[in-house]
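As structure tokens, the structure follows; a few thoughts come after it.
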Ligand code: ASP
Ligand code: MG
């Protein structure tokens with residue numbers, strides 16, 4: 001079977017007209033000879049409004065119940081899209097995450113996929129049906145519904161494509177692909193034709209909002225190539241795969257900005273083995289993802305430790321740290337502040353020097369102060385004040401000769 005997985009995000013299925021459009025697109029793909037599995041998100045704004053409703057009732061709703069609530073968004077879409085397909089003469093059947101055999105483990109609201117059986121999807125495809133699967137959700141060993149973190153429908157699509165050995169996996173979204181920078185911030189940004197998993201992963205985890213980071217990670221780990229493209233055009237998008245021929249002299253492939261980062265600082269941390277480890281153990285146990293970490297040189301036996309966490313985890317991080325210090329651990333929790341993280345990414349920097357100096361010089365020339373720096377083999381990130389994030393992105397884009 002020539003299986004293709006097509007994932008449509010929230011804006012692509014945003015209203016009735018768009019759902020009908022998606023149905024026509026699916027019909028066309030089936031007519032071209034594909035066995036089509038569609039993965040959908042909740043309509044744009046639905047997940048947020050469900051969360052708001054929950055919070056209006058209980059400020060900190062239990063993650064288990066929040067998962068039950070949030071999965072409703074995708075379930076609405078699978079039913080509506082099946083109806084839209086039926087209306088144009090395409091036989092379709094909806095499947096929830098558990099019906100598709102998506103088995104999860106780990107914490108609610110950020111569960112991981114342990115295995116995907118696909119349920120009876122192959123059988124339905126063989127019978128000539130389109131199968132429409134609810135993204136973002138699975139079921140754990142207790143039979144509880146779980147979700148994969150925001151943007152998690154991408155992960156559902158990639159995992160299903162892998163499990164079904166699909167010939168293709170297309171992530172349809174409201175932009176034309178992966179760009180050298182966010183075009184709303186950098187008008188000269190251009191679409192990247194092809195990119196490897198590694199760079200895509202660094203861009204995604206650095207704030208490029210095109211794809212969920214965990215989905216890219218999963219694709220890389222299991223080598224599941226995919227394409228990111230627009231629902232609203234027929235132009236080819238960006239293909240993401242293992243190996244991409246790149247120009248020798250490309251140092252940086254893209255610039256990403258993440259405005260949803262909070263800097264947490266801890267002062268008066270005792271300068272002895274285990275003090276920092278204890279902090280990060282607390283973070284890990286609360287399911288908080290820590291990104292940039294800076295520890296200064298200790299003075300008088302005390303050190304300062306600063307790190308960034310995603311805004312959505314900030315409340316949880318602070319709560320856990322307050323409890324940690326209240327329980328008698330030494331150290332003091334400082335005031336948390338918002339920051340913007342700007343990152344330049346490129347496999348070229350593995351074999352070339354001068355990327356950091358070019359980046360920092362460009363920021364300095366623009367009068368932008370760096371608050372924190374972190375690097376990986378193919379990425380350099382700096383934290384800057386939130387109001388300078390966009391400008392930092394633009395100057396980096398120019399500094400590395402990206403764009404038109
Ligand atoms: N509906 C979920 C969200 O808004 C999952 C997704 O759209 O991929 O995060
Ligand atoms: Mg998305």
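Each reported figure results from applying straightforward, stated rules to the coordinates on display, with no laboratory input. Everything numeric here is computed off the predicted structure, so don't read it as measured data. Glycine also receives a Cβ, built like all others from the backbone with ideal geometry; neighbour counts cover every protein chain displayed.
Figures for the structure shown
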| quantity | calculated |
| --- | --- |
| Which numbered condition residue 11 misses (of (1) assigned to a helix (DSSP H, G or I); (2) within 16 Å of ligand 2 (Cβ to nearest atom)) | (1) |
| Among (1) under 28 Å from residue 353 (Cβ atoms); (2) away from ligand 1 (no atom under 16 Å from the Cβ) - the single one residue 207 does not satisfy | (2) |
| Helices (runs of 4 or more DSSP H) completely within region 186-300 that count 2 or more residues being in contact with a strand residue (DSSP E or B) (Cβ under 7 Å, 6 or more places away or on another chain) and closer than 22 Å to residue 311 by Cα | 197-205, 275-285 |
| Some residue of region 66-85 being in contact (Cβ under 8 Å) with a residue 60 or more places away in the chain, within 20 Å of the chain's Cα centre (by Cα), within 16 Å of ligand 1 (Cβ to nearest atom) and within 20 Å of residue 229 (Cβ to Cβ) | no |
| Any hit, region 115-133, residues being farther than 21 Å from residue 28 by Cα, part of a loop (DSSP other than H, G, I, E, B), within 16 Å of ligand 2 (Cβ to nearest atom) and touching a strand residue (DSSP E or B) at 6+ places or on another chain (Cβ under 8 Å) | no |
| Matching residues, region 161-185, being part of a loop (DSSP other than H, G, I, E, B), touching a residue at least 12 places away in the same chain (Cβ under 8 Å) and more than 30 Å from residue 123 (Cβ to Cβ) | 174, 175, 176, 177, 178, 180, 181, 182, 185 |
| Filter result (under 24 Å from residue 313 (Cβ atoms) and part of a loop (DSSP other than H, G, I, E, B)) within region 143-156 | 144, 148, 149, 150, 151, 152 |
| Residue list for region 1-21, restricted to those being within 16 Å of ligand 1 (Cβ to nearest atom) and under 23 Å from the mean Cα position of the chain (by Cα) | 5, 6, 7, 8, 9, 10, 11, 12, 13, 14 |
| Answer residue from region 146-166, given it is away from ligand 1 (no atom under 13 Å from the Cβ) and out of contact with any strand residue (DSSP E or B) (no Cβ under 6 Å at 6 or more places or on another chain) and is farthest from residue 97 (Cα to Cα) among those | 165 |
| Number of the condition not met by residue 8 [criteria: (1) surrounded by fewer than 16 Cβ atoms within 10 Å (Cβ to Cβ); (2) in contact with a strand residue (DSSP E or B) (Cβ under 8 Å, 6 or more places away or on another chain)] | (1) |
| Of all residues making up region 289-304, the number that are farther than 20 Å from residue 376 by Cβ and surrounded by 18 or more Cβ atoms within 10 Å (Cβ to Cβ) | 2 |
| Condition check for residue 110: away from ligand 1 (no atom under 16 Å from the Cβ) and in contact (Cβ under 8 Å) with a residue 24 or more places away in the chain | no |
